[in-house]
Every structure is written in structure tokens, then in C-alpha cells.
Amino acid sequence: MIRKYLLPLLAIIGLILAAWMVKQGSRPVVPATPVADPPRVTFENKISGAGIVEASTRNIAIGSHVSGIVQRVHVRVAQKVRAGDPLFTLDDRAQKADLGIREARVMEEAANLKDLEAQLKVAENVKDQRAISVDDLNKRRFAVQVAEARLVSAKAEVEAAKVGIELLTVRSPIDGEVLQVNIRPGEFAPTGMAEVPLILLGNLDRLHVRVDIDENDAWRFQPGASAVAYVRGNPELKTDLRFEYIEKYVVPKRSLTGESTERVDTRVMQVVYSFDRGNLSVFPGQLMDVFIEARTADHQGSEGYKKKGQ
């Protein structure tokens with residue numbers, strides 16, 4: 001009875017499910033509503049590229065002259081600094097102890113010089129030339145000269161120690177604003193190029209946008225052409241850009257995905273534009289969609305490259 005009724009019933013149910021799945025799969029796919037409308041660009045001919053916001057001074061990754069343990073951090077994120085302001089200080093106890101030793105040596109060499117000068121003066125004031133030989137007198141004079149040189153050397157070592165202590169305090173090279181602080185008291189500050197900068201600085205009075213233009217579109221670019229940047233996610237937030245300069249070297253385009261097999265598929269020409277910071281509320285490191293008015297095929301000569309800035 002089971003084989004007679006159950007198996008045909010299961011077959012019928014399977015056919016019904018198969019027909020239903022085919023019907024569901026044949027329905028047209030409804031396109032997803034975009035989170036934000038695409039930018040509406042008025043240029044008839046345009047070049048598009050991704051732009052990254054950066055400080056007008058470039059984003060300066062602050063390093064350390066010497067390695068050591070951080071004793072104090074003098075700044076915080078978003079703080080404005082002047083050129084020469086201290087950023088952070090390394091532990092200076094060993095260097096100060098060494099400075100004390102060198103200063104003591106200066107005092108010792110100065111006392112030794114005074115003693116030798118006094119002995120020389122006594123020898124030179126002897127009226128009876130038979131009481132002291134010319135050779136002994138010359139030795140005293142040479143001893144004074146050696147003592148003077150040793151005193152100068154000791155003073156130079158003191159100055160070198162003071163410079164070493166001064167280098168333990170890293171100072172701002174520019175007038176700008178602190179973008180990142182990645183070091184804390186008690187942490188080790190290495191020398192050389194760090195993967196994560198100890199402190200990131202930049203001047204944000206006027207922001208720059210570094211635009212990657214595909215090498216296939218490079219011939220269409222003309223310096224000084226109108227350009228507009230849009231904030232990603234809101235095409236209503238936009239600003240006109242001012243041309244600054246072109247990087248004179250075409251570089252590989254980096255599309256970072258985190259995969260170990262990342263490859264470079266093209267090369268890009270980098271063009272730098274600028275805009276007033278008050279025009280848009282954006283931050284260094286933020287990506288923007290940039291559109292540049294392009295030359296047409298019948299204007300592909302070199303005229304555009306003779307404009308200001310080239």
C-alpha cells in the first residue's frame with residue numbers, strides 16, 4: 001500500500017515544488033534603490049576620478065630622531081600647533097646624567113688648565129735663565145696648549161650632550177593641526193619609517209584633493225579646466241576645485257582589497273586640486289568623486305599643457 005500511494009504522492013509534490021521554484025526564478029529582478037543618487041555633472045565632456053582629501057602640506061608623518069620610551073605627549077588630536085612646538089618627549093634621564101658627567105669634566109679640565117698656566121707663568125718670570133732650561137719651559141707651554149685643547153673638547157662634548165637631550169623632544173616642523181596621535185607615554189618610539197606614524201600633522205587652512213586619472217584619459221586632461229568634487233553618499237554636497245599642480249610621474253593605481261594576490265591593473269596620473277576648508281565638511285583621508293571638464297578629440301594638441309602651472 002505504501003509503494004502504491006506514498007511514492008506517487010511524493011513524486012507529485014516534487015513536481016509541484018519544481019514548478020514553483022522555476023516560476024520564482026523566472027521573475028524579473030527588481031533593481032535595488034541606490035542609497036544616494038549619482039552626481040549630476042553639467043560637463044559635456046568629462047574625466048572622472050577618485051580623489052582623496054589631504055592637507056595642503058601633505059599629511060606629514062612625524063618620526064623620532066632617536067629611539068626610546070615616550071615620557072610625555074604634549075599634543076592631542078585636532079590641536080593647532082606652531083612650528084617648533086613640542087609634540088612628544090622621550091625619557092631623558094640617562095642623557096641628563098651623562099650631561100652632568102661631561103660638565104664635571106669641563107670643570108676638571110678648566111682647573112687643570114689654570115694650574116698649568118700658573119706653573120708656566122712662574123717659569124717665565126724666573127729672572128735667572130740658568131734656573132730653568134729652555135726645554136722645560138717649552139714643555140710647560142705645550143702642556144698649557146694641550147690643556148686648552150682638552151678644555152675645548154670637553155665643552156664641545158657638553159654641547160653635543162645638550163643637543164642629544166634637545167633631540168629627545170620632537171617638535172612640529174610646520175604651522176598646522178594634529179590629525180592623529182598614535183603614541184602614548186610609556187610606549188616605545190622607534191626611528192625610521194613606521195607603518196603607523198607616531199603623529200600625523202598637516203595644514204588644513206586649505207584642503208587638497210589628489211585625483212587619480214586613468215592613463216587612458218591622460219591625453220584628455222588640460223590644466224586649469226573646471227573641476228567639481230562631490231562628497232560620496234550625498235551628491236548635493238559639492239565644491240568647485242582650483243587646479244594646483246600635476247605630479248610629473250605616472251604611478252601604479254592601487255586598489256587595496258586585503259588579498260595577498262593584489263595586482264595593479266593600470267597606471268594613473270595624479271592631479272592635485274584645492275578648495276577652501278569652509279566650503280565642505282570633509283576630513284583628510286576622505287574619498288570624493290571628482291569630475292573634470294575634458295578636451296575633445298579635435299583638441300588633443302599640446303595647447304592645454306602650456307597653461308599656467310606647466
Could you rank LYS162, LYS23 by how accessible they are, 1.4 Å probe, largest area first?
LYS23, LYS162
Using a Gaussian network model of the chain whose springs link C-alpha atoms within less than 10 Å, name the residue from ASP212, ASP175, ASP128 with the highest mean-square fluctuation.
ASP128
For the chain, take the longest principal axis of its alpha carbons; what is the angle in degrees between that and the long axis of helix 134-167, to the nearest 10 within 0 to 90?
20 degrees
Work out from phi, with θ = phi - 60° and the Karplus expression 6.51 cos²θ - 1.76 cosθ + 1.60, the ³J(HN,Hα) of each residue of the stretch 243-250, listed in order in whole Hz, and give x for Gly and Pro.
5, 10, 6, 10, 5, 7, 10, 7
Amide H to amide H under 5 Å from SER172: which residues, 5+ apart in sequence or cross-chain, H placed 1.01 Å off N in plane?
GLY84, ASP85, LEU87
Which order do peptides 76-85, 11-20 fall in by mean Cβ count within 10 Å, highest first?
76-85, 11-20
Computed lengthening from ALA18 to ALA160, 0.36 nm per intervening residue step minus Cα-Cα distance:
42.5 nm
With every protein chain in place, what's the accessible area of LYS155 (1.4 Å probe, Å², nearest 10)?
110 Å²
Residues whose built amide H sits under 5 Å from the amide H of GLN79, excluding neighbours closer than 5 in sequence, are VAL178
So for the pair ARG267, ASP135, with labels modelled 7 Å out along Cα→Cβ, what separation do we get in nm?
7.8 nm
Taking amide H atoms as placed 1.01 Å from N in the peptide plane, list the residues 5 or more away in sequence, or in a different chain, whose amide H sits under 5 Å from that of VAL282.
none
Starting from 0.36 nm per residue, how many nanometres of slack lie between GLN71 and PHE142 once their C-alpha separation is accounted for?
20.9 nm
For the stretch 98-115, in order, what is each residue's ³J(HN,Hα) by Karplus, 6.51 cos²θ - 1.76 cosθ + 1.60 with θ = phi - 60°, in whole Hz (x at glycine and Pro)?
5, 4, x, 5, 5, 5, 5, 5, 4, 4, 5, 5, 5, 5, 5, 5, 4, 4
Could you check the simple spin-label distance between ASP175 and ARG27, using points 7 Å along Cα→Cβ, in nm with one decimal?
6.4 nm
Determine the alpha carbon to alpha carbon distance for each of LYS96/LYS155; LYS46/LYS253; LYS114/LYS155; LYS139/LYS162 and list only those over 24 Å.
LYS139/LYS162
Give the accessible surface of the chain per residue, rounded to a whole number of Å², with probe radius 1.4 Å and ligands, DNA and RNA excluded.
66 Å²
Can you find, among ALA189, LEU237, ALA123, the residue sitting farthest towards the positive end of the charge dipole of the chain, where Lys and Arg contribute +1 and Asp and Glu -1 at Cβ?
LEU237
Give the carbon-plus-sulfur fraction of the accessible surface of the chain in %, rounded to a whole number; probe 1.4 Å, heavy atoms of protein chains only.
55 percent
Per residue of the stretch 270-275, in order, report the coupling 6.51 cos²θ - 1.76 cosθ + 1.60 (Karplus, θ = phi - 60°) as ³J(HN,Hα) in whole Hz, putting x for Gly and Pro.
9, 10, 10, 10, 9, 7
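The values are calculated or read from the model by the stated rules, or taken from the named source; none is laboratory data. This structure is a prediction, so every number in the text was calculated from the model and none was measured. When we count neighbours, we look across all protein chains shown, and the Cβ atoms used for this are built from the backbone with ideal geometry, even at glycine. Accessible surface areas use protein heavy atoms only, side chains included; no ligands, DNA or RNA. Shrake-Rupley method; radii C 1.70, N 1.55, O 1.52, S 1.80 Å.
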